[in-house]
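The structure under discussion appears below in the form of structure tokens.
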Amino acid sequence: MARDSALNDLLITNGMVVTADKKVRADIHVLGEKIAKIAPALSRKLPANPARRVIDAKGCFVFPGGIDAHTHMELPLKETSSSDTFESGTLAALHGGTTTILDFANQVRGGTLKGALDEWHAKARGKAACDYGFHVSVTDFNERTRREIRTCMDQGVTSFKTFTAYKGSLMIDDRQMIEVMKEVRDAGGIVLTHAENGDLIDHLIERFRAEGHYEPRYHALSRPPLAEAEAVSRIIDLANFANCPLYIVHLSSGAGLKRALGARPGRAPVFLETCIQYLLLNESAYSKPGFEGAKYVLSPPLRGRGDQKALWAGLASDAVSVVATDHCPFMMAQRELGRKDFSRIPNGIPGVEHRMELLYSEGVAKGRISLEKFVELTSSRAAKIFGLYPRKGAFRPGADADIVIFDPKVRHVISSRTHHMKCDYSVYEGHRLQGKCRTIILRGQVAVDNGIARVGRGFGRFLSREKFRRDFRT
Ligand SMILES: [Zn+2]
């Protein structure tokens, strides 16, 4: 025991421990960075250690640390970059109970996947406060890119993003898509797809501009649910053809969900992600006066109430596997780029800090989803799909001690004046929350306690991820 007592020794007592499959009143013992033991009344059974820190979680839920599978820190666009750095964005994530993010390293046309990863490693290394991994976006598929897919896998980057929209910058055609899928399948990875029909959207953008429509709401009108539904259906067909595991990012519409469920029964494992904003916000935001609607410009856009209902039902029925954020904030001054033309408003909204509390408050507290489902949607499923399980997303001996102590009784209100994201507005301004992430532990260290950060710049580590496992099929 002498050796153990020199380690970080932490005991979380009296909490209701919740995992994806059960909830049980138990204590969690942490040694060093790992979970050592989970059992009822451990406090009375462990050998004494004067150095042990005890955290009383009475009246609280104890959740595995959140995993946000979809963020964009410091994302360079044509005219600007998303406003959260890896430092500010990951600290905000920790405040909201997210201990791991998966961010997207984007290949540039003519560039390599290695170039993209080098760039993102340089942004995050020594700066991120929470743990992080990378997906790599394949935007220029050629023989060199093909060979690089295996190199990425060897370096722990096992998920490859593709786009069916943004022709001329990010989009690849169906022929290239099939080639990427076959290569990724053989290498043991998974393909992620932004599924919207880019040509249909480009056609509508041109039409609205030609007709003199430049207001923010035309952003939404130029990206109708049909554009998503068509691409979702097609991309799942292609994945089944190539027998490649597929994860559709930010599914936003009831029409898209319906098509996905129609196309999904095939040989490829297919997972659907939605984002917290599609569950809680809707297209009425685009009718706000003046330039207000610009705050909500993201792609796909916010949809109708019927779509929100369909997505909530999709969570409850297991059709949708993951709730992420697509966190990609811009300051209002950056949004001004599109004051005279909706198509120039930088796309993306802030969210990484409030995903867990919003989903608890609107989902669990309102009786729409169970506690176990909450853990699945915010942590365990993403860990399984992206090669992090059971190191992350699980409570078991040997797993990283990433723990959220959540007080369901605390009420608070979201405001840009108090949030930690580098963004001068919140799309949830004034939203009342039931429940708060009280203490957040990352690899055994208290990272945030009662709103005070205890770790900072550089505490986060790069996560080298495993291959996709077909036995995790949902
Ligand atoms: Zn995104």
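Compute the FRET efficiency between D341 and A6 as 1/(1 + (r/R0)^6), taking r as their Cβ-Cβ distance and R0 = 51 Å, and round to the nearest 0.05. It would help to have the intermediate numbers written out before the result.
Working: r = 62 Å, r/R0 = 1.21.
My answer for the efficiency is 0.25.
When the accessible area of region 340-397 is split by element with a 1.4 Å probe, what percent falls to carbon and sulfur?
Roughly 44 percent of what the probe reaches on region 340-397 is carbon or sulfur.
Find the accessible area per residue for region 211-363; the probe is 1.4 Å, ligands and nucleic acids are left out, and the unit is Å². Write down the numbers at each step before the final one.
On the way: 4650 Å² over 153 residues.
For region 211-363, the solvent-accessible area averages 30 Å² per residue.
Where the centroid of each part is defined by its Cα atoms, how far is region 411-474 from region 28-76 in Å?
15 Å
With N set to the number of residues, divide the alpha-carbon radius of gyration of region 385-430 by 2.2 N^0.38 Å and report two decimals. Let's see the in-between values first.
Working: Rg = 16.2 Å, N = 46, 2.2 N^0.38 = 9.4 Å.
Cα Rg divided by the expected 2.2 N^0.38 Å: 1.72.
Quick one: if the Förster radius is 25 Å, what FRET efficiency do E466 and K37 give, using the C-beta to C-beta distance and rounding to 0.05?
Plugging the Cβ-Cβ distance into 1/(1 + (r/R0)^6) gives 0.55.
Probe radius 1.4 Å, ligands and nucleic acids ignored: give me the carbon and sulfur share of the accessible area of region 27-166 as a rounded percent.
Details: 2640 of 4900 Å².
Result for region 27-166: 54 percent of the exposed heavy-atom area is carbon or sulfur.
Can you give the alpha-carbon Rg of region 79-224 over 2.2 N^0.38 Å, where N counts its residues?
1.19
Distance from a point 7 Å along Cα→Cβ of Y166 to each backbone N in region 180-194: keep the residues under 12 Å and list them by number.
Correct set: 194.
If you roll a 1.4 Å probe over the heavy atoms of the protein chains, what accessible area per residue do you get for region 90-164, in Å²?
29 Å²
Using Cα pairs closer than 8 Å and at least 6 residues apart in sequence, work out the relative contact order for region 94-235, in percent. The partial results should precede the final answer.
On the way: 199 pairs, mean separation 27.5, N = 142.
Reported relative contact order: 19 percent.
For N142 and R125, calculate 0.36 nm times their separation in residues minus their Cα-Cα distance, and state this gained length in nm to one decimal.
3.2 nm
Compute the distribution of all C-alpha to C-alpha distances in region 1-97, in bins of 5 Å from 0, and list the percent of pairs in each, rounded to whole numbers.
For region 1-97, the binned pair fractions read 3, 11, 17, 17, 13, 12, 10, 7, 5, 3, 1, 1 percent.
In degrees between 0 and 90, to the nearest 10, how far off the longest principal axis of the chain does helix 113-124 point, with axes built from Cα atoms?
Helix 113-124 and the main axis of the chain meet at about 50 degrees.
Multiply the residue separation of V413 and I178 by 0.36 nm, subtract the distance between their alpha-carbon atoms, and state the gained length in nm to one decimal.
Length difference between fully extended and current span is 80.0 nm.
Can you tell me the Rg and the Dmax, both Å, for the Cα atoms in the chain?
Looking at the chain, its Cα Rg and Dmax stand at 21.6, 77 Å.
Mind listing the phi-derived Karplus ³J(HN,Hα) values for region 38-54, rounded to whole Hz, using 6.51, -1.76 and 1.60 with θ = phi - 60°, and x for any glycine or proline?
My calculation for region 38-54 gives 10, 6, x, 6, 4, 4, 8, 9, 6, x, 5, 8, x, 7, 5, 9, 10 Hz in order.
Roughly how tilted is helix 198-210, in degrees to the nearest 10 and between 0 and 90, from the longest Cα axis of the chain?
Rounded to the nearest ten degrees, it is 60.
Using the Karplus curve 6.51 cos²θ - 1.76 cosθ + 1.60 with θ = phi - 60°, work out ³J(HN,Hα) for each residue of region 396-408 in order, rounded to whole Hz, and write x for Gly and Pro.
So the Karplus estimates, Gly and Pro as x, are 7, x, x, 6, 4, 7, 9, 9, 10, 9, 10, 9, x Hz.
Might you report the magnitude of the Cβ-based charge dipole of the chain about its Cα centre, with Lys and Arg at +1 and Asp and Glu at -1, to the nearest 20 debye? Present the calculation step by step, with values, prior to reporting the outcome.
Numbers: 69 positive and 54 negative charges, 268 e Å.
Once rounded to the nearest 20, the dipole reads 1280 debye.
Please tell me the relative contact order of the chain in percent, rounded to the nearest whole number, where contacts are Cα pairs under 8 Å and at least six residues apart.
In percent, rounded to a whole number, it is 21.
Could you please state how large a percent of the accessible area of region 191-291 is carbon and sulfur, counting protein chains only and using a 1.4 Å probe?
Numbers: 1940 of 3530 Å².
The computed percentage sits at 55.
What's the angle, to the nearest 10 degrees (0 to 90), between helix 143-154's Cα axis and the longest principal axis of the chain?
10 degrees
The values are calculated or read from the model by the stated rules, or taken from the named source; none is laboratory data. Note that this is a predicted model, so its numbers are computed, not measured. Positions of Cβ are generated from backbone atoms using ideal geometry, with glycine treated the same way; all protein chains shown enter the neighbour counts. Protein only, heavy atoms only, side chains kept; ligands, DNA and RNA dropped before computing areas. Shrake-Rupley method; radii C 1.70, N 1.55, O 1.52, S 1.80 Å.
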